[in-house]
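Notes follow once the structure below has been shown.
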Amino acid sequence: MTKAEKPGRARAGKQSGGQTTRRADASVDAAAPAASGETAVESVDPVESADGGSGVGETAPARERAARLAVRKTYKLYIGGAFPRSESGRSYAVASSRGDFLANASRASRKDARDAVTAARKAFGGWSGATAYNRGQILYRVAEMLEGRRAQFTAELAEAGTKRAGEVVDAAVDRLVWYAGWSDKIAAVAGSTNPVAGPYFNVSSPEPTGVVAVVAPDEPLLGLVSVIAPVIVTGNTCVVIASERAPLPSITLAEVLATSDLPGGVVNILTGSAAEIAPWLAAHMDVNALDLTGVTDEGLAVACEEAAAENLKRVFRPAATDWSADPGTRRLTAFLETKTVWHPTGV
Amino acid sequence: MFEYAPAPESRDVVDIRPSYGLFIGGEWVDSQGENRNKTVNPASEEVLAEVAWATEADVDRAVQAARKAFGVWSALPGSERAKYLFRIARIIQERSRELAVLESLDNGKPIRESRDVDLPLVAAHFFYYAGWADKLGYAGYGPGPRPLGVAGQVIPWNFPLLMLAWKIAPALACGNTVVLKPAETTPLTALLFAEICAQADLPPGVVNIVTGAGETGAALVNHPDVDKVAFTGSTEVGRQIARSVAGTGKKVTLELGGKAANIVFEDAALDQAVEGIVNGIFFNQGHVCCAGSRLLVQESIETELLDALKRRLGTLRLGDPLDKNTDIGAINSAAQLAKIRELSDLGEAEGAERWSPACSLPDKGFWFPPTIFTGVAQSHRIAREEVFGPVLSVLTFRTPAEAVEKANNTPFGLSAGVWTEKGSRILWMADKLRAGVVWANTFNRFDPTSPFGGYKESGYGREGGRHGLEAYLDV
C-alpha cells in the first residue's frame, strides 16, 4: 500500500522517517502543498513502481519495522454519526488493485442496515426541517473538509486502482460544491405557482421524500459523492452501501462527513456485500426510496425493485453513468415529492 | 321546510348502444374472446349495455396499433398535435351534457357533480395540455424532450372521464400514443370518447380503448411493447403493478389510495369548515382517493362542530343521480357497497359510535347513507384503511403538533386539509403534513395547472401542471 506513496513523499521533499501507514502518510501529505501530492501520485504507475515485495507479510519492509511499527486504521461502519463495528463481528479483506492486502473492512449485516435506517429516520425531521441555506453551507463544509484531506484520498484512490486519482478528488470536491449550491435553488426550478381557474392561491414546491437507501457505484469517491450529495442536499437522509471492491475511501469519507457539521444519521455508510444487504433495505418498510445506481447484477436489481413495490418505494435506476459529465437535476428530482398547497383568496 | 320537487335530467340526450366492441386502430372491432361484461346503472341495477372483455390477444392488437401510430403521431409538429387536442376539448364542451348524463348513468354520481365538476375539468385538462404540445422545450426537461412511446393506462371507476382526461391529454401532448382500459363498471364514457376521437379525425391508433376487468388491465401493464404504465386505483393493485414491471425499465406512475386528515382548529370559521368536511368526504359518495375521510377536530370544539355537521348532513338529499337536486348518488357497485358495509360494521364492532341522518334509501340499486363514526381511535381499521365510501371517522387532538402527528400516522400521503383562521399556522401545518396536496380552508379542489399526486404509499409521479409532463417524456 505504501508503494504509491513513497515517490510522492520523495517529491514533496519529505523524509519518510519510516512512516508507512496510510494515516501517517496522509497527515504528512496534507501538510505539504496539495499540488505536489497530486503530481506525485499521478506520476506513479502502480505496476512499474513494484518494488518486488508482494503479499500480506511483505508489504511492510523490514527496514520500516525496525524504525517504527505502523499504526493501522481500523475501518468501521458509519451509523448515526458514530463509527461502530459491524454487529455481526464479521469483516472482509480489502486488497489494492494490485492484490496487496490493505485492511479488513467491516462486513455489515442485516441488523446494521436496520440500525442505519433507524438512525436515518431519526435524523430526517431535523435535517429536512433545516433551512436550505443551512444545508447548502454544510455541504460546502463537506467539500472544504474533503479538500483538506486531498492527499489522503488521492493515496487511497490510487491504491484502489483509480487512474488520475488527484483529478478525481478534485472532481469530487467540485461536485459537492456544485450540489451545495442547489440547496436553495431547486425549489425555484422544480416548483411552481399554478394559475388555477378560480380564486385560490396555489403553489407547488418540492420536498424530500424521506429515507433513501443507496447502493453506491464502484467508483469509490467521485461516484459515492455524486450519489450522496443530491440525496441529502434536498433534505433526505440516506443509508449507503459503499463499493464492495474499494470500500476504504468510503469510510474515510465518513470521517469527512463526521467532521463537517452534518448531523449524525443524515448519511450512514455500510461496507460489505450489496448482494447481502441491499435486499433488506429494499424490503424495509421505513425506507422511502431506493437508488440502485451501483447494482450491476440484473437479478439483484430486479429482486430489489420487486421488494420495493411492497411499500411503493421510489426506485431510481439510471443507465450507465459517466461520473465526469454534468449530472443535471435528475438525481435531485428523483428523491423529491411535489406538494401542492391551496388556499382561497378573498377579503 | 319545503320539499324540492323532482328535477330529473333527461336521458334522451344519450344514445346507448346495446353492445360495444373495442376501439382499436381507429375502428370498432370485436373481441377475440367470448367473455362480455354487463355494465349497470348502480342507481337502478338496470343493464345499460354489454361491453367486450378484451383478451390478451385483443390487448396485443391494440398495443400494435398504438405502436404503428406512434411513428406518425410523434413525428407531427407539436403545433399540429396541439390542434387535435384543442379540437377534442371543444367537442367535449359541445357534447358535455350528453357526457355528463352518461357518466351519471354509468357511475351513479349526481348529475350536479358530473355536470358542474367532472365535465368542465375534463375539457380544461385537454385545453391545458393542448397548449403544452408545442411548448415542450420550455417545460424544463431540456430543449427537445422525447416521448416514451406507447402508454398503457388503467383508470378507476370513480371519475371515469376525468381520469381518462388526466391520462390521455398529457400523453398525447407529449407525442405518445395510448391504450386505455377503463374500469369494468364504468366503460361507457370512455367508449363515447372514442367517438369523439373519430369526430376530431385523430389519426387511427393514437387512442385505443380496450374494455375489460383486471385481467385485461394486467395484460396491458405486462405487455412487453408498452413503454409507460400509468395507473390510478387501489394501493393493492398499485403494488402488484410495481412488482410486475420490476426490471422491465418501463416508466411507471401510480396514483393510489389515501386516508386524508381534515384538520379543524378551534378558531376555524365553523360553517365553512362544515361545508369543507361535507365536500371532503361526501363528494362523489366518498369515492375519492383524496377524500377527507379522517376528521381531526380540536377537542375544545368537538361537540359544537359535530352538532353543526350532523345538522348539515340532515339536509343532504340522497337519491336519483339524474335529479339535479341530488347531493348523494348511488354506490358504484354491489362489490363496493359490500366493502363499505364490511368496514362500517367493523367500525362498530371495534367500539366506535356510528351515526347517520334519517334517510330513506331507494329499494333498487346500491345505496349507503352518509355516515359518521365518533370515538374513533387511531388503531381502528376505519381510521387506517381506505373505505372509499361516504364514511367519516372523527378523531380529536389538542395541540397542532398532535394534529400533525396523527395526520401523518398513516402509510398513505395523498392529501390533507387544514381549517384555521391563523395564517402562520396554516403555513406551519402545510409544511409539516406529509401529503401531496394540502387544502387550507378548502377541500377537493382540482385544476389542470396544479400538480396532484401522493407521498409514501399513495403512489409516485404527479399528474397535472408542468410536473405532469414528466411522466410522458423520456427524462
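Looking at B:Val13, B:Gly26, B:Ala82, which one has the Cα that reaches farthest to the positive end of the dipole of region B:1-97 (charges on Cβ: Lys, Arg +1; Asp, Glu -1)? The Cα lying farthest towards the positive end belongs to B:Ala82. Take the accessible area of A alone and of B alone, subtract that of the pair with a 1.4 Å probe, and the total buried over both chains is about 2900 Å². Per the Debye calculation on region B:307-466 with a single equal scatterer at every Cα and no solvent contribution, log₁₀ I(q)/I(0) for q = 0.21 Å⁻¹ amounts to -1.45. In terms of Cα to Cα distance under 16 Å, which lysines are near enough to A:Lys313, apart from those fewer than 8 places away along the same chain? Candidates past the 8-residue exclusion: B:Lys250, B:Lys251, B:Lys456. For A:Lys163, which lysines qualify as cross-link partners when the Cα separation must be under 20 Å and same-chain residues fewer than eight apart are set aside? Hits, sequence-local ones excluded: A:Lys3, A:Lys6.
Taking the Cα centre as origin and putting +1 on Lys and Arg beta-carbons and -1 on Asp and Glu beta-carbons, what dipole magnitude results for the protein assembly as shown, to the nearest 20 debye?
It works out to roughly 2100 debye.
Give the residue from A:Leu262, B:Gly351, A:Gly346 lying farthest towards the positive end of the charge dipole for the protein assembly as shown; charges sit on Cβ (+1 for Lys and Arg, -1 for Asp and Glu) and the dipole is referred to the Cα centre. Working it through, the farthest residue towards the positive pole turns out to be A:Leu262.
Looking at chain B, do any whole DSSP H helices span at least 27 angstrom along their long axis by alpha carbon and average -0.5 or above on Kyte-Doolittle, and which?
Membrane-span-like by this criterion, though nothing is claimed about a membrane: B:56-75.
Residues B:Glu255, A:Glu276, sorted by accessible area with the largest first, give A:Glu276, B:Glu255 [1.4 Å probe; ligands and nucleic acids excluded]. Kindly identify region B:3-152 as rounded, prolate or oblate by the Cα gyration tensor criterion: order the square roots of the eigenvalues as a ≥ b ≥ c, call it rounded if a/c is under 1.5, otherwise compare a/b with b/c, prolate if a/b is larger, else oblate. Oblate. With both residues required to sit in the protein assembly as shown, DSSP beta bridges show an antiparallel share near 35%. B:Tyr84 contributes an accessible area of around 50 Å² to the protein surface, as traced by a 1.4 Å probe with all chains present.
Dipole magnitude for region B:322-475: about 320 debye, using +1 per Lys or Arg Cβ and -1 per Asp or Glu Cβ, origin at the Cα centre.
Residues B:Leu433, B:Leu148, ordered by accessible area of protein heavy atoms at a 1.4 angstrom probe radius and largest first, appear as B:Leu148, B:Leu433. In straight-distance terms, cross-link reach from B:Lys135 covers every one of the aspartates and glutamates whose alpha-carbon lies under 13 Å from its own, apart from those fewer than eight places away in the same chain; here that gives B:Glu80. For region B:389-462, the fraction of 1.4 Å probe accessible surface lying on carbon and sulfur atoms is 51 percent.
Projected label points at B:Arg17 and B:Ala358, each 7 Å from Cα along the beta carbon direction, are separated by 4.9 nanometres.
Taking the Cα centre of region A:65-202 as origin and assigning +1 to Lys and Arg Cβ atoms and -1 to Asp and Glu Cβ atoms, the resulting dipole is close to 680 debye.
For the protein assembly as shown, the residue among A:Val168, A:Gln137, A:Ala120 whose Cα projects farthest onto the positive side of the dipole built from Cβ charges is A:Val168.
Mean separation of Cα pairs under 8 Å and 6 or more residues apart, divided by the residue count, gives region A:124-249 a relative contact order of 31 percent.
Note on B:Ile277: accessible area approximately 0 square angstrom, rounded to 10, probe 1.4 Å, nucleic acids and ligands left out. Shown in residue order for region A:133-138 are the 3J(HN,Hα) couplings computed by the Karplus curve 6.51 cos²θ - 1.76 cosθ + 1.60 at θ = phi - 60°: 4, 5, 5, x, 4, 5 Hz (x for Gly and Pro). DSSP beta bridges fully contained in chain B are about 30 percent antiparallel. Considering only beta bridges that DSSP places wholly inside region B:338-456, some 30 percent are antiparallel.
With both labels modelled 7 Å from their Cα along Cα-to-Cβ, the B:Arg243 to A:Arg164 distance reads 4.7 nm. Taking 1.002 mPa s as the viscosity and 20 °C as the temperature, the Stokes-Einstein diffusion coefficient of the protein assembly as shown based on its alpha-carbon Kirkwood radius rounds to 74 µm²/s.
The values are calculated or read from the model by the stated rules, or taken from the named source; none is laboratory data. Predicted model, so just to flag it, every value in this text is computed and none were measured. Heads up, the Cβs are rebuilt from the backbone with ideal geometry, glycines too, and the neighbour counts pull from every protein chain shown. Heads up: the accessible areas ignore ligands, DNA and RNA and are worked out on the full protein's heavy atoms, side chains in. Shrake-Rupley method; radii C 1.70, N 1.55, O 1.52, S 1.80 Å.
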